[in-house]
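The structure appears right after this line, and notes come after that.
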Amino acid sequence: MSTTSQTIVSHLERKEALAAALARDSELGERVRQLQEWQARRLATTYEDLLAESTYSAALRFFLTDLYGPHDFSPRNRELRRAWHSMERALPDAALHVLCDALELELLTLQLDAALARALPSECIETESYSVAYRAVGRGQDRNRQIVLIVGLARRLSGLMRHAWIGKMLRLARGPARAAGLGSLQGFLERGFEAFRGVSDPQTLAATIELRERTIMRKLLNGERDPFVLDSSHAIA
């Protein structure tokens, strides 16, 4: 098993362990779910302009529905573990790196969400309480890594478009995958491929995401007012 494959399995195991812990602590688990819903709405607002652009909307929606939010990704991840030995032989290195980064992002984000949920007051989540909890948790290096992974995934997924045969392989595998009980995983891979197929300028998309998220992170850590309000310098080029 390659180093990348070992890392993928490790990410899956750690994510399953954390998800199980949150399931056992129902109060914290519900708080994390509420936080994820709040953050998903924040992201949709931050990227409202890109979501309205046909060039970028599918890619942004893939991030919001398949890589983040109050969604249960455990069926997909269980299928991935079950089918992993077959998949790692079939996928090119570029696709393996995409999966590895996606799972690291999923794990790191859940870890940060759990920490932030613990720091939040019990009342309704709003910008001020979120900002206070964000600073209390800190973990600036992990927040930086989170942004690096998001931006890197946008670039890696766009790079996969050079492998046109992957899309054909995924479409041909749709029926057998569903018959084998791998429908969730199959759908995830197909949606990711299709979402980035239409992105004509992935570098601009990645640069815009990085600029906005780094600005918001800095404003939150510095305790600035209106941390999610961005000026015209953050508009997509």
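The values are calculated or read from the model by the stated rules, or taken from the named source; none is laboratory data. None of these values were measured; they are calculated from a predicted model. Reconstructed Cβ throughout: ideal geometry from the backbone, glycine too, with neighbour counts over all protein chains shown.
Of the listed requirements (1) crowded, with 19+ Cβ neighbours inside 10 Å; (2) closer than 21 Å to Asp101 by Cα; (3) modelled with pLDDT under 70, Gln146 misses just one: (3).
Against the list (1) on the phi > 0 side of the Ramachandran plot; (2) modelled with pLDDT under 85; (3) of a type outside the set (Phe, Trp, Tyr), the condition Gly192 fails is (1). Picking from residues in the range 19-37 that are among the hydrophobic types (A, V, I, L, M, F, W, C) and buried (at least 16 other Cβ atoms within 10 Å of the Cβ), the one that is nearest to Ser232 (Cα to Cα) is Leu35. Screening Arg31 on (1) more than 19 Å from Arg118 (Cβ to Cβ); (2) touching a helix residue (DSSP H, G or I) at 6+ places or on another chain (Cβ under 6 Å) shows it passes everything except condition (1).
Contact map, the range 69-89: residues that are closer than 17 Å to Lys15 by Cβ paired with residues that are at pLDDT 70 or above and assigned to a helix (DSSP H, G or I), Cβ distance under 6 Å, separation 6+ or inter-chain. Pairs shown: Gly69/Gln36; Gly69/Ala40; Pro70/Arg33; Pro70/Gln36; Pro70/Glu37; Arg76/Phe188; Asn77/Leu12; Arg81/Leu12. Of all residues in the range 217-231, those satisfying the criterion of being within 16 Å of Leu43 (Cβ to Cβ), in contact with a helix residue (DSSP H, G or I) (Cβ under 7 Å, 6 or more places away or on another chain) and at pLDDT 90 or above are Met217, Leu220, Pro227, Phe228. Against the criterion of being on the phi < 0 side of the Ramachandran plot, surrounded by 17 or more Cβ atoms within 10 Å (Cβ to Cβ), at pLDDT below 90 and out of contact with any strand residue (DSSP E or B) (no Cβ under 9 Å at 6 or more places or on another chain), Tyr47 does not qualify.
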